[in-house]
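**Student:** A single structure is presented below for examination.
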Amino acid sequence: MTRDETPAFAVLLTPDGSRTAHSARYGEAYGSRHGAAAQARHVFVEGTGTHDHPAPRVLEVGFGLGVNFRATVADAAARGAPLHYRAYEFDPAPRAVLRAVAGEDGQGADHPVWAALLAAWPEEGGGRGELEVEAAGIRATVTFADVLSADLPPGWATALYLDGFSPSRNPEVWTPDFVTRLAGTLTPGGVLGTYSAAGHVRRALTAAGLRVERRPGAPGKRECLRAVQAAGHEVRAAGDTTP
């Protein structure tokens, strides 16, 4: 693993050739040091079935450096599938860090929606509010706010990426109460994917009414989890149904 220095972050090159970066706030990397792109694809894009959905609506907890977003964009673009991607990010990294992690050849980095998102992203990071961009059939909405107190769209997401920092470093997004709120954003049959396989995370997902399944983990992890909203689960119709 090698490092490139940016003004405020150490960008890490992972074994699969993709990049992530170290967060000084949380004391760990944003993505897997064993393969950031491999984790994005295996745990989130494939783990939630987004790669098979004709018009996915993805909600992500922790946009981070956009690795999961770019992996999802690359998949949707290759299939010609319309995609609406909504994410919540409490502490946006500077634009230069997102650009450095994506590089010129990162998956999804050549899509016009990524260029549009970078152009709208806060140059120095931080900030509050929301940005929305759309290009070539893909729409991205990123809310810069604390997801714990944000209004979440009920019954909206075909897939939910629970990708906060680890439960030991960022316990707030893994609590039973918050996980239950997240479960309410899923459509009937919608799937939550996460890299964590901790026992208390499994129990929180089960208590939220989701059907929890263990899967083989991405490189460096023995297991990960997917959790499915029951097909008969009743949710209040979301106001936004645009792909």
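The values are calculated or read from the model by the stated rules, or taken from the named source; none is laboratory data. Fair warning: this is a prediction, and the values are worked out from it, not measured in the lab. We place every Cβ from the backbone using ideal geometry, glycine too, and count neighbours over all the protein chains shown. Only protein heavy atoms, including side chains, enter the accessible area calculation; ligands, DNA and RNA are left aside. Shrake-Rupley method; radii C 1.70, N 1.55, O 1.52, S 1.80 Å.
**Student:** Any residue at all in the stretch 180-198 that is modelled with pLDDT of 95 or more, within 17 Å of the chain's Cα centre (by Cα), among the aromatic types (Phe, Trp, Tyr) and open to solvent by less than 20 Å² (accessible area, probe 1.4 Å)?
**Tutor:** No, that holds for no residue.
**Student:** Something else about it: Among the candidates ARG70, ARG19, ARG99, which residue alone is of a type in the set (Lys, Arg) and within 28 Å of ARG211 (Cα to Cα)? Steps first, please.
**Tutor:** On the way: ARG19 fails: within 28 Å of ARG211 (Cα to Cα); ARG99 fails: within 28 Å of ARG211 (Cα to Cα).
ARG70 is the lone residue from the list that is of a type in the set (Lys, Arg) and within 28 Å of ARG211 (Cα to Cα).
**Student:** Applying the selection to the stretch 150-179, what residues are over 16 Å from GLN229 (Cα atoms), buried (at least 18 other Cβ atoms within 10 Å of the Cβ) and free of Cβ contacts under 8 Å to residues at least 40 places away in the same chain?
**Tutor:** TRP174
**Student:** Here is a check on your reading of the model: is ASP177 closer than 14 Å to GLY62 by Cβ and among the charged types (D, E, K, R)?
**Tutor:** Numbers: closer than 14 Å to GLY62 by Cβ: no; among the charged types (D, E, K, R): yes.
In short, no.
**Student:** Checking the structure you have, find out if any residue of the stretch 133-149 is open to solvent by less than 20 Å² (accessible area, probe 1.4 Å), in a loop (DSSP other than H, G, I, E, B), touching a strand residue (DSSP E or B) at 6+ places or on another chain (Cβ under 6 Å) and closer than 24 Å to VAL97 by Cβ.
**Tutor:** Yes, that holds for at least one residue.
**Student:** For the stretch 17-29, name all the residues that are more than 15 Å from the chain's Cα centre (by Cα), in a strand (DSSP E or B) and under 25 Å from ALA150 (Cβ atoms).
**Tutor:** Of the residues in the stretch 17-29, the ones more than 15 Å from the chain's Cα centre (by Cα) are 17-19, 21-28.
Pick out the ones that are also in a strand (DSSP E or B) and you get 19, 21-23, 28.
Matches in the stretch 17-29: ALA21, SER23, GLU28.
**Student:** On the basis of being at pLDDT 95 or above and open to solvent by 10 Å² or more (accessible area, probe 1.4 Å), does HIS22 make the cut? Lay out the reasoning, then the answer.
**Tutor:** Details: at pLDDT 95 or above: no; open to solvent by 10 Å² or more (accessible area, probe 1.4 Å): yes.
So HIS22 fails the test.
**Student:** If we only count helices (runs of 4 or more DSSP H) wholly inside the stretch 30-107, which ones have 3 or more residues that are farther than 16 Å from ARG139 by Cα?
**Tutor:** Fully inside the stretch 30-107 and qualifying: 36-39, 95-102.
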